[in-house]
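Trainee: Got a structure here, written out as structure tokens. Questions coming.
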Amino acid sequence: MWKEFRDFAFKGNVVDLAVAVIIGGAFGLIVKSLVNDIIMPLVGILIGGIDISKMAVKVGTATVAYGSFLQTIINFLIIAFSIFIMVKVFNKVNKKRVEEKVVEETNTEKYLKQITEILEKK
């Protein structure tokens, strides 16, 4: 049982997934800081020195914190756009690799084609 667990836990995909989750979490913190500490204060200055994260509306006894929600939406959009760009670059690189592999025909393939052509003529 230990061997099976070890094989599973240290398989390439599981380790890759763990690394991706850790890096993704760190990236999320960076984006959150970018939005909260840089973008939103600048937006606040542009609209009259208002701290957008504190914007809220009282409805009876409830408080609707739409400023905080707006910051969360901006966080999401930045992360989604960043992932979109990374996937686009990744797909472009993989497409080039596949094209390079397909373009070059090996000598073995050339010889097999020649042999096939000779056999078809007979």
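Laboratory data are not the source of any read-out in this text; all were calculated from the coordinates shown. Because the structure is a prediction, the values reported are computed rather than measured. Counting neighbours? That spans all protein chains shown, and the Cβs are built from the backbone with ideal geometry, glycine included.
Matching residues to (1) in a strand (DSSP E or B); (2) under 23 Å from the mean Cα position of the chain (by Cα):
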{"site": "V19", "(1), (2)": "no, yes"}
{"site": "I22", "(1), (2)": "no, yes"}
{"site": "G25", "(1), (2)": "no, yes"}
{"site": "L29", "(1), (2)": "no, yes"}
{"site": "V35", "(1), (2)": "no, yes"}
{"site": "P41", "(1), (2)": "no, no"}
{"site": "K58", "(1), (2)": "yes, no"}
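Trainee: Across the stretch 20-63, what is the number of residues that are under 22 Å from F81 (Cβ atoms) and of a type in the set (A, V, I, L, M, F, W, C)?
Mentor: Looking only at that region, the number is 18.
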